[in-house]
1. Going by what's in this entry, would Ala99 be described as at pLDDT 60 or above and either within 17 Å of Val38 (Cα to Cα) or surrounded by 10 or more Cβ atoms within 10 Å (Cβ to Cβ) (or both)?
2. Just the residues that are touching a residue at least 24 places away in the same chain (Cβ under 8 Å) and within 29 Å of the chain's Cα centre (by Cα), please, taken from region 23-42.
3. Test each condition in (1) surrounded by 12 or more Cβ atoms within 10 Å (Cβ to Cβ); (2) touching a residue at least 60 places away in the same chain (Cβ under 8 Å) for Tyr61 and report the one that comes out false.
4. Would you tally the residues in region 80-94 being surrounded by fewer than 16 Cβ atoms within 10 Å (Cβ to Cβ), modelled with pLDDT of 90 or more and in a helix (DSSP H, G or I)?
5. Give just the number: which of (1) at positive phi; (2) assigned to a helix (DSSP H, G or I) does Lys19 not satisfy?
Amino acid sequence: MKNLYELAFIIKSSLDLDKARGILDEMLAYLNKQGAEVTFEGMSEKREMAYEIQKDKFGIYAVVIFKAEPTIIKELEIKIGLDLNIIRHLIMNIEAVKAHVDVSIANAKTLLSGIVPKRAHPVKAAKPKREQVAVREPVAVTAKPKVAKTAAEKKEDKKQVEAKLDKILKDEDIQ
């Protein structure tokens, strides 16, 4: 039974678009040779990547959607891995992903149906009550104006500091 797959890969930006198209055509030829049915193929211009890969900030993106037997996927992985011009790739089984998502949604609905009670009408949320806050009268704040010290006051302060230092240094308990 053939499954539906999506192959997405990034080609090095150092190649021009014709060579990149050649790599995509080579993948298409390989898939056709293996008996796959290609339903979609596309390629972008050179685009900036979200992060550097192999010291490259840009890449050429290509996507192929195809139906194939599961047995050829391993061989396709090996072929892509040997191509040095492809810097990243991803092969997804679209049907398996869709089935997984469907099962996850069904499980979530089943789980929630037992927990969340069904209501006949929506419940309105109560509005929060405003609290009465006492308003204070504004208080006038007066700051003392800074007055610059005179030269004599500065000398006096300096003498006081030196006297305290001398007293500390002469203290015999410290030594």
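The values are calculated or read from the model by the stated rules, or taken from the named source; none is laboratory data. All of these numbers come straight from a predicted model, not from anything done at the bench. Ideal geometry is used to build each Cβ from the backbone, glycine not excepted, and the neighbour counts take in all protein chains shown.
1. When the stated conditions are applied, Ala99 passes them.
2. Scanning region 23-42 gives a single hit, Glu41.
3. All conditions pass for Tyr61, except number (2).
4. Residues flagged as surrounded by fewer than 16 Cβ atoms within 10 Å (Cβ to Cβ), modelled with pLDDT of 90 or more and in a helix (DSSP H, G or I) within region 80-94 amount to 2.
5. Here Lys19 meets the rest and fails (1).
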